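Shown next, in structure tokens, is the structure this report addresses.
The values are calculated or read from the model by the stated rules, or taken from the named source; none is laboratory data. None of these values were measured; they are calculated from a predicted model. As a convention, Cβ positions derive from the backbone with ideal geometry for all residues, glycine included, and neighbour counts pool all protein chains shown. Just so you know, the surface numbers come from the protein's heavy atoms only, side chains and all, with ligands and any DNA or RNA stripped out. Shrake-Rupley method; radii C 1.70, N 1.55, O 1.52, S 1.80 Å.
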Amino acid sequence: MQYPDFTKEYKSLMAKYLTREVFEELKDLKTSNNFTLKDIINSGVQNLDSGIGAYAGDKESYTLFAPLFDKIIEDYHGFTKDDIHKSNLNSDDLNAPLNYDLDKYIVSTRIRVGRNLDNFPLGTAISKEQRDEVEKIVSNALNSMDNDLKGIYYPLDGMSKENSESLIKDHFLFKAGDRFLQTAGLNRDWPSGRGIYHNKNKTFLVWINEEDELRIISMQSGGDMQEVFTRLITAIKELEKKMTFSYCEHLGYITSCPTNLGTAMRASVHIKLPKLSQDMDRFKTITDKYYLQIRGVDGEHSKSVGGVYDISNKRRLGVTEVQCVQDMYDGVMALIEAEKLLEK
Ligand code: ADP
Ligand code: CIR
């Protein structure tokens, strides 16, 4: 493998930190699942506009290829190789009371976590047989959920185009053909082994074998973050009775993309900010202060529609789950205050 020709169009953290020295040190290594440096960086090499540009194949990737991953992780999360991750899944510790403004400006609230099964490679390095086995383990566990979490698993293979399109349009299902996932090896054997589980009201959903083996999602319309968080925690605890998730003391929950490590949590709102979004500098000053990220309404790499934005926590590692949601709540309160000032 040759050192990639990182022209100035490359903006990713991978291109920034894969110096010639780091490349020489890592280029011939491979994990026990045969994941190599070439596999790790392929998405970032093929997609010049990648922000991160690297995916792990397994837990071992993060230690074997630490000279690259540690730098990316430190840059994105502000978390150094000597830091320790802490988890807090106690929803009573969140301070996020609902008020009139939150329900007025927030269209919907969604919190998801990524999880992968211990003793399996990540989706980037998994074989078809292993992926099918993951699907079986997870869907069987889900099919025995009770009460509010009770639902049905719908495999993607065999789902009608109308059904999948309407689930995507309504923000419940992942899109097909994402070029970042494609080049990371995450779309191999598509659509086999993939699917979505959801309860009747579509407030509890699980994606199987997308970017991570599980994406556990709690969502509903309006701005009640406490209710959404509490439902998610109940679901995670139920699933933990039936499977073991890949976790390590230093990096928390292991995910294929280094931005998701730690809590693997993204807590987001779709929020109407038509005035504030006219002044992007002011908007970004607030989101930066509260460690928030701005996305469009159709998910990552999409645009805003009608002044509605997806606002979510940026930090996921070295902060607890409660802190992730708290960042979002506090930041959203500040965004609403700024929007109200502009209305006057
Ligand atoms: P992730 O699963 O990492 O959060 P995306 O940004 O691709 O990935 O979002 C996945 C889907 O979830 C998209 O359809 C997006 O519109 C939807 N979504 C995200 N946040 C919300 C929200 N607060 N309300 C409704 N839909 C949401
Ligand atoms: C990228 O490198 O841009 C994609 N692989 C997505 C990275 C994760 N997303 C994010 O932080 N917004």
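For the chain, return all DSSP H helices satisfying: extent of Cα atoms along own axis at least 20 Å; mean Kyte-Doolittle hydropathy at least -0.5.
Values: long enough: 128-142 (21 Å, -1.04); 225-240 (22 Å, 0.22); 321-343 (33 Å, 0.21).
Once both thresholds are applied, what remains is 225-240, 321-343.
Taking the mean number of other Cβ atoms within 10 Å as a proxy for protection, how do you rank 171-178, 322-329 from highest to lowest?
Put in order of decreasing packing, that is 322-329, 171-178.
A convex hull fitted around the alpha carbon atoms of region 91-343 yields 127 Å³ per residue.
So how strong a dipole does the chain carry about its Cα centre when Lys and Arg Cβ are +1 and Asp and Glu Cβ are -1, to the nearest 20 debye?
With only Lys, Arg, Asp and Glu charged at Cβ, the dipole is about 580 debye.
For the pair residue 305 and residue 86, label points projected 7 Å from Cα toward Cβ lie 4.1 nm apart.
Per residue, the convex hull around the alpha carbon atoms of region 87-151 comes to 175 Å³. The alpha carbon radius of gyration of region 85-200, expressed as a multiple of 2.2 N^0.38 Å, is 1.29. Quick check: at a probe of 1.4 Å, how many percent of the accessible area of region 13-77 sits on carbon and sulfur atoms? Percent of accessible area from carbon and sulfur atoms in region 13-77: 47. For region 1-101, with equal point scatterers placed on the C-alpha atoms only and solvent neglected, what are the log10 I(q)/I(0) values from the Debye formula at q = 0.24 1/Å, to two decimals? With one equal scatterer per Cα and no solvent, log10 I(q)/I(0) is -1.34. Against the compact-protein benchmark of 2.2 N^0.38 Å, the Cα-based radius of gyration of region 18-77 scales to 1.04. Across region 168-291 the C-alpha pair distances fall into 5 Å bins from zero in the proportions 2, 8, 14, 19, 19, 18, 12, 5, 2, 0 percent.
If I take every Cα pair under 8 Å that is 6 or more residues apart in region 13-77, average their sequence separation and divide by the length, what percent do I get for the relative contact order? Relative contact order, region 13-77: 37 percent. Taking every protein chain into account, the accessible area of region 38-176 amounts to 48 square angstrom per residue (probe 1.4 Å).
Size check on region 213-344: the Cα extents along the three principal axes, sorted descending, read 52, 27, 24 Å.
On a per residue basis, region 191-309 carries 37 Å² of accessible surface, using protein heavy atoms and a 1.4 Å probe.
Between amide H atoms placed 1.01 Å from N, distances below 5 Å from residue 292 occur with 314, all of them 5 or more places distant or on a separate chain. Surface composition of region 91-343: carbon plus sulfur atoms contribute 49% of the solvent-accessible area (1.4 Å probe, protein chains only, all chains present).
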